[in-house]
Ligand SMILES: [Mg+2]
């Protein structure tokens, strides 16, 4: 049965929320991000007025100041955006329970069974946009298509305050004349390489032999790109409840005193947590290390991340802060565990210190995750956890009781 998926995306979300809170800002070049005097902070969100000056998300604040000296710069207030996001989710739920929040300001809805309530899907989209504007004083853009990917691309190309519907069966024709940059997984670097091969438009991806693309992005990447160019995507809305926390722990078969042996196990558990986190489309704000010593005393040590993240690299950095605390007590260790909490939906608008590097990491982790989905978690181990031989840790399979049970 063919489905209709609605993708909704708030326009310049953080900047729009700030404007709704303080209407004096309306119509002004507004830039939200970091703290003004931190040279490393970047733009999280820019109003469309600021974008006219060339200001973009993830650009260093200093550069934004040069481009737009008369801009109004304000720091992020993340708690507020989360609250607005939850209220918007409640508005979306009035149309269908079949909702998947894709990030703090984006959602996919399966509206197949709801269209008749509004006569047609254009009226349904207009209803949602109007409700959000009335209640939250911000605008949203809607794309509707047969699957999530095409619906999102439709929304992306008609922002802000837009609406675009692609009939089922028209995906390929719709995508063909668009720039390759619209396809998921094609960031600035990949786009540049594709353009270097003369591939400017989606149509040309279809005309290029797959092995040629594979040279550039690997066979998995090439396959994904071809599928995307054909307009193939998932229409499955995962309505699962967001978990409160994600954790993994393990008990050693004999109590362990040597942290050189404990640490790799801990890194491995962290990678497992991070994998689950990403599979749920989540990021974490808090990493907790749990240590149970041989006398059964249990201690927890917590580190709050400067920004929510789903990347192994950020979680391992947090762990490096926590390990010395666990080590401080010179006692044998019976059990160790990692817990990720303060979970939020992945926020691509977040500040990224080194955008390029993080992008590369994200891509790497996505392909690592794809391999793990197929072959199991243990099929890929990252450097930090490679030396987990000896004590109890096996592959990622969770076992009841002693091994890495939850
Ligand atoms: Mg948005």
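The slack in the chain from residue 119 to residue 327, taken as 0.36 nm per residue of separation less the alpha-carbon distance, amounts to 68.4 nm.
With a Förster radius of 22 Å applied to the beta-carbon distance between residue 134 and residue 93, the computed FRET efficiency rounds to 0.85. Take every Cα pair under 8 Å whose residues are at least 6 apart in sequence, average their separation, divide by the length of region 164-212, and the relative contact order is 39 percent.
The label-point distance for residue 253 and residue 67, in a model that sets each label 7 Å from Cα toward Cβ, rounds to 5.8 nm. Annotation: Cα Rg of region 1-118 relative to the compact-globule expectation 2.2 N^0.38 Å equals 1.26.
Counting neighbouring beta carbons within 10 Å and listing from fewest to most, the residues 171, 192, 263 come out as 192, 263, 171. For region 150-191, just say rounded, prolate or oblate: build the C-alpha gyration tensor, square-root its eigenvalues into a ≥ b ≥ c, call rounded for a/c under 1.5, and beyond that prolate if a/b exceeds b/c, oblate if not. Judged from the Cα gyration tensor, region 150-191 comes out oblate (a/c at least 1.5, b/c at or above a/b).
Please report the spacing between the Cα centers of region 177-225 and region 126-154 in Å, no decimals. Result: 28 Å between the Cα centres. Across all directions, the average projected area of the convex hull around the alpha carbons of region 173-229 is 3.2 nm². Each pair of Cα atoms in region 45-97 enters the Kirkwood radius, and Stokes-Einstein at 37 °C and 0.692 mPa s then converts it into a translational diffusion coefficient of 249 µm²/s. Pairwise Cα separations in region 119-267 fall into 10 Å bins from 0 onward with the following percentages, short to long: 10, 27, 22, 18, 14, 8, 1.
To the nearest whole percent, what portion of all C-alpha pairs in region 49-156 is separated by more than 20 angstrom? Taking all Cα-Cα pairs of region 49-156, the fraction more than 20 Å apart is 52 percent. Cβ crowding within 10 Å ranks 28, 152 as 28, 152, fewest other Cβ atoms first. Residue order for 369, 105, fewest other beta carbons within 10 angstrom first, comes to 369, 105.
Every read-out reported here was derived from the displayed coordinates using simple, explicitly stated rules and does not represent laboratory data. Computed from a predicted model, the values in this text were never measured in an experiment. We place every Cβ from the backbone using ideal geometry, glycine too, and count neighbours over all the protein chains shown.
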